[in-house]
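The values are calculated or read from the model by the stated rules, or taken from the named source; none is laboratory data. This is a predicted model, so every value here is computed, not measured. In this analysis, Cβ positions are derived from the backbone assuming ideal geometry, glycine residues included, and neighbour counts consider all displayed protein chains. With ligands, DNA and RNA removed, areas are computed over all heavy atoms of the protein, side chains included. Shrake-Rupley method; radii C 1.70, N 1.55, O 1.52, S 1.80 Å.
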Amino acid sequence: MTPRTLTPEPQPTLFDRPVGLIRLPSPIGRIEVCSDGISITGLSIENDGVLPRDGYRENSTDLLVRAAEQLSEYFAGTRRRFDLPVHVDGTPFQRRVWFALSEVEYGTSTTYGLLGHQAGLGVAARATGGAVRANPVPLFIPCHRVLNSTGRIVGYSQGNGVSTKQWLLDHESVPYR
């Protein structure tokens, strides 16, 4: 019998580590916010008790403390717009969708088709949906405010999916079907 060799899990490199990382509790589960030292670069909502960077130590910065305060205010119902520098990497298409998405106001919603139009992309609802799902900073760029053409929730890629999106829409008193 030949001994079996186990290949170790790939270890994160310095390039995988954010400069700043903070985790905070919220009504929708723990939230993890990352920074490159200048801007917010990522936000994740835990899914089944797990966050993407659970293995990393927190490294708070002044920017991340501000982000945590603003998120706490949002969940308390006293903040409707975030005032933080955000940097997102993506394709030109994704960036256009995310910019249009950032213009969707608190307490309102849009549809995938309308969002595509606002981004100057026509009715590309499916492609727009893909860009919405790839949003690296949900809540700061409010992807939860997008519904299908009939006003229904068709999915959510963060937290516990649809139930997380429902909570966020209810929190903002956004009607949906």
Failed item in (1) open to solvent by 70 Å² or more (accessible area, probe 1.4 Å); (2) modelled with pLDDT of 95 or more, with Gln70 passing the rest: (1)
Contacts under 9 angstrom Cβ, first residue in segment 101-124 being open to solvent by less than 50 Å² (accessible area, probe 1.4 Å), partner among the charged types (D, E, K, R) and part of a helix (DSSP H, G or I), 6 or more apart: Leu101/Arg145; Val104/Arg145; Tyr106/Arg145; Gly107/Arg145; Thr110/Arg145; Tyr112/Arg126; Ala119/Arg96; Leu121/Arg96
Could you check how many residues of segment 118-176 are of a type outside the set (A, V, I, L, M, F, W, C) and within 21 Å of Ile40 (Cβ to Cβ)? 15
Residues located in segment 23-60, provided they are within 17 Å of the chain's Cα centre (by Cα), open to solvent by 50 Å² or more (accessible area, probe 1.4 Å) and among the aliphatic types (A, V, I, L, M): Val50
Sort through Gly116, Gly155, Gly120 and tell me the only one that's part of a loop (DSSP other than H, G, I, E, B) and either at pLDDT 95 or above or in contact with a Gly (Cβ under 7 Å, 6 or more places away or on another chain) (or both). Gly155
Of the residues Val33, Val50, only one is touching a helix residue (DSSP H, G or I) at 6+ places or on another chain (Cβ under 6 Å) and not hydroxyl-bearing (Ser, Thr, Tyr); which? Val33
Give the residues of segment 145-172 that are buried (at least 22 other Cβ atoms within 10 Å of the Cβ) and either under 16 Å from Ser26 (Cα atoms) or polar (S, T, N, Q) (or both), sorted by residue number. Gln158, Gly159, Lys165, Leu168
Hey, any hits in segment 6-22 for a residue that's among the aliphatic types (A, V, I, L, M), modelled with pLDDT under 95, surrounded by fewer than 12 Cβ atoms within 10 Å (Cβ to Cβ) and not in a helix (DSSP H, G or I)? yes
Segment 147-164, residues that are within 13 Å of the chain's Cα centre (by Cα) and closer than 19 Å to Ala100 by Cα: Tyr156, Ser157
